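Written out below as structure tokens is the structure these notes cover.
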């Protein structure tokens, strides 16, 4: 179990490793381009080499990309779907070049057509992305918080994609805040056990490859994507004791996406908080 964070990559992808070292993160998530635009420039070769060198030197990893927020494969706009497929394909190619694990991305909205109404469309789009993708980069589906018409707030929906695609590159990232907002109670050992039993039934624990580690501003079932610093939200610090203690998470990397204590994103105090939780677990 490694404790990492989403880190800034302004100035070059290798800057994300510098920022990880600064805050004590053991693995990183990063955007290789602006998360709010379609533009993507090929990664600078020197920055790629430096990313790999620094990651090895400071033992930072496994590392991942986060896809841009605009990807919406369930849209009824063919042009938007095409752009989303192109973005994911480019990110997967860059992930392979950078030796990062893969690309975590949001499935976003079904536009009111319902999960069943867009399922085949999304499956077709994902198959096209995978057909262009390298073999050594994962396409990692992230569960949603249940906002509006968003896809993937239920484990059963993610499991349906996993089973239909039947590709070892398709895996899952569990976001703790999204899960809580979608009604999955993670505050006690017993409730965590129940949630992960459902994850095993609907998806399979062998498909869990990453955790987005966040407390929640909204209450249980609040259906809003609003992250809070660990221990300062509706989940509380004891929730993370319970989560880390569950065997499903023993070998899975955790990536903090919290606002940070100074409002600048994950910081050293955020990372230290989760390391303290891990230390308590290790001490028994």
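Data overview
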quantity	calculated
Kirkwood Rh, angstrom, the chain [1 / mean 1/r, Cα pairs]	18.8 Å
Full-extension gain in nm, residue 232 to residue 8, via 0.36 nm per residue minus C-alpha separation	78.3 nm
Gain in span if fully extended, residue 120 to residue 167, counting 0.36 nm per residue against the direct Cα distance	15.3 nm
Label zone at residue 276, where the point sits 7 Å out along the Cα-to-Cβ direction: the range 193-226 residues whose backbone N lies under 16 Å	215
The chain, relative contact order [Cα under 8 Å, separation at least 6], %	17 percent
Percent antiparallel among DSSP beta bridges (both partners in the range 3-283, rounded to 5)	10 percent
Label-to-label distance, nm, for residues given as residue 193 and residue 269 (7 Å Cα→Cβ offset)	3.5 nm
Debye log10 I(q)/I(0) at q = 0.19 Å⁻¹ for the range 37-166, Cα point scatterers	-1.06
Distant alpha-carbon pairs in the range 190-279 (separation over 15 angstrom), percent	62 percent
Residues of the range 77-106 with amide N under 20 Å of the 7 Å Cα→Cβ point at residue 56	94-102
Value in Å of the Kirkwood radius, where the range 135-284 supplies the Cα pairs that are averaged	15.5 Å
Alpha-carbon spread of the range 136-214, three principal axes, descending order, Å	35, 28, 20
Contour minus Cα-Cα distance for residue 76 and residue 283 (0.36 nm per residue)	69.3 nm
10 Å binning of all Cα-Cα separations within the range 226-284, expressed as whole percents from 0 upward	22, 55, 22, 1
Centre separation in Å (Cα based) which lies between the range 249-284 and the range 127-182	24 Å
Most mobile listed residue (229, 149, 63) in the chain, GNM with C-alpha springs under 10 Å	149
C-alpha center-to-center spacing [the range 65-83, the range 27-53] in angstrom	20 Å
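Since every read-out is calculated from the coordinates, none of them should be taken as a lab result. This structure is a prediction, so every number in the text was calculated from the model and none was measured. Methodologically, a virtual Cβ is constructed for each residue, glycine included, from the backbone with ideal geometry; neighbour enumeration extends over all protein chains shown.
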